[in-house]
Amino acid sequence: MTMGDWFIQVHPVKGVAENAIYFVDFDAMLAFVRKFKKRISGDVLRVHTPAKATPEQREKLRELGCVPM
């Protein structure tokens, strides 16, 4: 996969979505998600997954409270 196949946008509960954050692979994005979820926040993480994403990867993101797109 190439840079940008995986990216996240933080959607604050009140406000406008932040700029996309790009990752080189699933593992790098997963590390960000785990760190982000430790914050006390109602923000929603919308994860843009490539077509090559496996069902297991998508499920892992849902388990962590992300919204796969």
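Of all residues being open to solvent by 100 Å² or more (accessible area, probe 1.4 Å) and more than 12 Å from the chain's Cα centre (by Cα) in segment 25-44, which is farthest from HIS11 (Cα to Cα)? Just the residue, please. Only one residue fits best here, namely LYS38. One residue stands out in segment 45-59 among those that are surrounded by fewer than 15 Cβ atoms within 10 Å (Cβ to Cβ) and in contact (Cβ under 8 Å) with a residue 12 or more places away in the chain: the one that is nearest to ASP5 (Cα to Cα), namely PRO50. Taking the criterion of being in contact (Cβ under 8 Å) with a residue 12 or more places away in the chain and among the small types (Gly, Ala, Ser), the only residue of segment 24-40 that qualifies is ALA28.
Name the single residue, out of those in segment 35-44 being of a type outside the set (Asp, Glu) and assigned to a loop (DSSP other than H, G, I, E, B), that is farthest from PHE7 (Cα to Cα). The qualifying residue farthest from PHE7 (Cα to Cα) is ILE40.
The values are calculated or read from the model by the stated rules, or taken from the named source; none is laboratory data. A quick note: this is a predicted structure, and the numbers were derived from the prediction, not measured. Positions of Cβ are generated from backbone atoms using ideal geometry, with glycine treated the same way; all protein chains shown enter the neighbour counts. Protein only, heavy atoms only, side chains kept; ligands, DNA and RNA dropped before computing areas. Shrake-Rupley method; radii C 1.70, N 1.55, O 1.52, S 1.80 Å.
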